[in-house]
Amino acid sequence: MKIRNHFSLKTLNSFNIQAITPQILFPSNIAELTEIATKHLSSFYVLGEGSNTLFCEDEAPTIVKPCFKGVEVNEDDSNFYVKVACAENWHEFVEFCVKNEMYGIENLALIPGSVGAAPVQNIGAYGVEVGDFIDRVSWFDFNKQELIEYSQAQCKFSYRESIFKQRLKGAGVITHVHFKFPKNWQPVISYQGLNSLNSPVSAQDIMLKVIELRQSKLPDPKVLANAGSFFKNPLVTNARFGLLKSQYPEIPFYPQNNGEVKLAAGWLIEQAGLKGYRQGDVGVHEKQALVLINYGESTGQDIVKLAQHIQKEVKMQFGIELVTEVRFIGHQGEVDNVSAGNS
Ligand code: EPU
């Protein structure tokens, strides 16, 4: 197995943070994962393409970066079944599906990251969440030292959440994701920006429109270092929403099935006067306030400080606590964003 010691993670995270790991391991098969499991690592972090990770200290924990590759397609009369290895690139997989007439995830085009990371935070955009198309996930459990399959229901998908961020956090590695794409495809074009597409609409049309929309407001991490939405969109009760709506009639809102209302964190940050705000080499993106940028050689702590400033201002103006979507990684593993500021 490829192993590197005292390794800089600067090119392996989309924030371009210079953090040093004592050791990074690149397993590419189950035997190598078993070898890692027998080391009984006390603290480690599983890294995909590093597009939702903030290394908030100069030192990172041991890193496991799985390198499993490959795609296998099967079908019956009703569905396509696609088994994809964790280190495949997400956007390339979306393109592969559209090209091969397997539809459903075209709304998720251009999301940075790997296939293995997609179920962890149940990536979602433009009216679709990946969990809707996942049949099951193969998981190598470090304690049991075996491969376990989690069905869609067992994955406990919800908005930017899954069992992999909760009970299974730090306990193993996703090796493969098994997708199921129904052959009777239904386009999802209800989201603002897609509803202008003329019918009959193809999956290719949707994919191209999503790419255009994302490129118009989200910065390319290769040009401006960022990790996409930094915070989750907050959920509030209907009663709380009623009060906000009376004070801010133009507030964007998305009613949920359970009676709660989802608000747009980007709008809240913009209203708090922070769109385009800069603190040295870190800042809030000028076109989408939900995205924080490392403009130069910032440290993870610089970004943590900016995030905490945003949380304070939004709390002061709206009484709403913004929760981070990006995962904060200190030298001993994942930390919550409050402790991250105290280091
Ligand atoms: N808005 C503002 N100011 C801003 C940003 C947004 O007023 O600076 C308003 C917009 O005008 C709109 C509303 O907020 O009325 C929602 O904005 P947008 O459609 O851009 O989506 P979002 O809620 O900010 C979410 C996801 C994105 C995803 C888009 C499209 C989260 C945390 N983010 O953003 O996901 O691409 O919807 O579906 O749910 C990501 O997770 O990294 C990500 C980019």
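Results, tabulated for the structure shown:
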quantity	calculated
Long-range neighbours under 8 Å by Cβ, at least six apart or interchain, first residue assigned by TED's automatic domain parsing to the domain that holds residue 233 and without any contact (Cβ under 8 Å) to a residue 24 or more places away in the chain within region 266-281, second away from the ligand (no atom under 12 Å from the Cβ) and open to solvent by 60 Å² or more (accessible area, probe 1.4 Å)	278/295; 281/295; 281/297
Residue 333 within 20 Å of the chain's Cα centre (by Cα) and either modelled with pLDDT under 95 or surrounded by fewer than 18 Cβ atoms within 10 Å (Cβ to Cβ) (or both)	yes
Residue match in region 89-96 (condition: in the same structural domain as residue 201 (by TED's automatic domain parsing), at pLDDT 95 or above and more than 19 Å from residue 221 (Cβ to Cβ))	yes
Hits in region 209-227 (condition: aliphatic (A, V, I, L, M), out of contact with any strand residue (DSSP E or B) (no Cβ under 8 Å at 6 or more places or on another chain) and over 18 Å from residue 94 (Cα atoms))	223
Residue in region 286-304 that is away from the ligand (no atom under 16 Å from the Cβ), under 23 Å from residue 161 (Cβ atoms) and out of contact with any strand residue (DSSP E or B) (no Cβ under 6 Å at 6 or more places or on another chain) present	yes
Out of 43, 51, 78, sole residue that is touching a residue at least 24 places away in the same chain (Cβ under 8 Å), exposed (fewer than 15 other Cβ atoms within 10 Å of the Cβ) and within 30 Å of residue 209 (Cβ to Cβ)	78
Tally, over region 82-118, of residues that are of a type outside the set (Gly, Ala, Ser) and within 14 Å of the ligand (Cβ to nearest atom)	10
Failed item in (1) open to solvent by less than 40 Å² (accessible area, probe 1.4 Å); (2) free of Cβ contacts under 8 Å to residues at least 24 places away in the same chain, with residue 37 passing the rest	(2)
Strands (runs of 3 or more DSSP E) fully within region 53-133 counting 3 or more residues that are β-branched (Val, Ile, Thr)	62-64
Complete set of residues in region 189-224 that are within 11 Å of the ligand (Cβ to nearest atom) and without any contact (Cβ under 8 Å) to a residue 24 or more places away in the chain	192
Those residues of region 168-186 which are open to solvent by 40 Å² or more (accessible area, probe 1.4 Å) and touching a residue at least 60 places away in the same chain (Cβ under 8 Å), in sequence order	169, 170, 180, 182, 183, 184, 185
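Residues checked against (1) over 20 Å from the mean Cα position of the chain (by Cα); (2) surrounded by 19 or more Cβ atoms within 10 Å (Cβ to Cβ):
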position: 251; (1), (2): yes, no
position: 278; (1), (2): yes, no
position: 281; (1), (2): yes, no
position: 286; (1), (2): yes, no
position: 298; (1), (2): yes, yes
position: 304; (1), (2): no, yes
position: 313; (1), (2): yes, no
position: 316; (1), (2): yes, no
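The values are calculated or read from the model by the stated rules, or taken from the named source; none is laboratory data. A quick note: this is a predicted structure, and the numbers were derived from the prediction, not measured. Neighbour counts run over all protein chains shown; Cβ positions are idealised from the backbone, glycine included. The protein model used for the area step is the full one, side chains on, heavy atoms only, and it has no ligands, DNA or RNA in it. Shrake-Rupley method; radii C 1.70, N 1.55, O 1.52, S 1.80 Å.
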